[in-house]
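Here the structure is laid out as C-alpha cells; the discussion comes afterwards.
The values are calculated or read from the model by the stated rules, or taken from the named source; none is laboratory data. The structure presented is a predicted model; accordingly, all values stated were derived computationally and were not measured. We work out accessible area using only protein heavy atoms, side chains counted, and drop any ligands, DNA or RNA first. Shrake-Rupley method; radii C 1.70, N 1.55, O 1.52, S 1.80 Å.
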Amino acid sequence: DAKTTQPNSMESNEEEPVHLPCNHSTISGTDYIHWYRQLPSQGPEYVIHGLTSNVNNRMASLAIAEDRKSSTLILHRATLRDAAVYYCIPTSIIQGAQKLVFGQGTRLTINP
Amino acid sequence: DTGVSQDPRHKITKRGQNVTFRCDPISEHNRLYWYRQTLGQGPEFLTYFQNEAQLEKSRLLSDRFSAERPKGSFSTLEIQRTEQGDSAMYLCASSLGLAGIRNEQFFGPGTRLTVL
C-alpha cells in the first residue's frame, strides 16, 4: 500500500478556497488517488478521484502533480458544512475497488 | 433512503458477551466492506465480500470475529467474548466492484460499540 502524508490539521474561513495537500511518493502507476471525507459523527463519504489529469466535480477539484507523487484537493468556496477530516487514499484500479487504507487525514476547520 | 444502513447504531455490552451487527448495503452493490474506527484514528479495514464470498480478511480480524454475507445481500459481523479493546465504531461500506469504472465506496452511519 502506498504511504501518504497529510497535514494533521488546517483552518480556513467560510467562502474562501481551501487547498488540502497530500504526498504519496510511493504510489503505483496503477493506483487511483481517491479523496474521502468524514463529517463529525458520520461514516466517510467519497469526494473525488483521479489517475493522471486534474478532475472536477460538484464537490471539489483534484490537482495531480505531473509525477503523481502529490495531489491537492481544492474546495473552491468552503462552507461550514465542509468541516471534516479529509483522507487521501491511493487505491488500485486492478480488479475494481478494494480495501481503502486510511491514514490520519487532515482535520479541516472552517471559521464563520 | 437507499443508502447503506447499519443496525444497531449503538451497542453497550459487558466484557465477555457476544454481539452481532448487521449491514444492509445498497441493493445493486456486489462488494461489501467492514472497517473499524477508534477515536482519533482513520478507519481500519477488517474484511470484504464479493457477493457472498469473503475475499480478504485483515490480521486485525482475530478468531473472535466472524463475518458472513449469506446470499450476497446483507452482512453480519459477530464478535465473540468481547474485550474492552473491541470498543470502537464499526463501519460498513458497499461498492459496485467493477474494475476501471467509478467505484467509490458508500459508507453507512456505523455501529458504535462500547464494552464495559
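Could you sort A:M59, B:M89 by accessible area so the largest value comes first, with the probe set to 1.4 Å? All intermediate terms of the calculation are to be shown ahead of the outcome.
Details: A:M59 55, B:M89 25 Å².
Result of the area sort, largest leading: A:M59, B:M89.
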Three principal axis lengths of the stretch B:1-94 [C-alpha, angstrom, descending]:
36, 28, 24
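Tell me, what % of the accessible area of the stretch A:71-112 is carbon and sulfur with a 1.4 angstrom probe?
On the way: 980 of 1780 Å².
The nonpolar share, carbon plus sulfur, comes to 55 percent.
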Buried accessible area for the A:B pair, summed, 1.4 Å probe, in Å² rounded to 100?
1700
Given 20 °C and 1.002 mPa s, compute D for chain A with the Stokes-Einstein relation, Rh being the Kirkwood radius over Cα pairs; round to the nearest whole µm²/s.
153
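Restricting to bridges with both residues inside the protein assembly as shown, how much of the DSSP beta-bridge set is antiparallel, in percent to the nearest 5? Let's see the in-between values first.
Values: 63 of 72 bridges.
So the antiparallel bridges amount to about 90 percent of the total.
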Could you please put A:H19, B:H10, A:H49 in sequence from largest to smallest accessible area, using a 1.4 Å probe?
B:H10, A:H19, A:H49
Below 8 Å between Cα atoms, with a sequence gap of 6+, how large is the relative contact order for chain B in percent?
36
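Given a cut-off of 19 Å, name the pairs among B:K11/B:K71; A:K3/A:K99; A:K99/B:K71 whose C-alpha atoms lie farther apart than that in the structure shown. Intermediate results must be reported in sequence, preceding the final value.
Working: B:K11/B:K71 26 Å; A:K3/A:K99 14 Å; A:K99/B:K71 21 Å.
Pairs exceeding the cut-off: B:K11/B:K71; A:K99/B:K71.
How big is D, in µm² s⁻¹, for the protein assembly as shown by Stokes-Einstein at 37 °C and 0.692 mPa s if Rh is the Kirkwood radius over C-alpha pairs? Walk me through the numbers on the way to the answer.
Values: Rh = 18.2 Å.
Estimated via Stokes-Einstein, D reaches 181 µm²/s.
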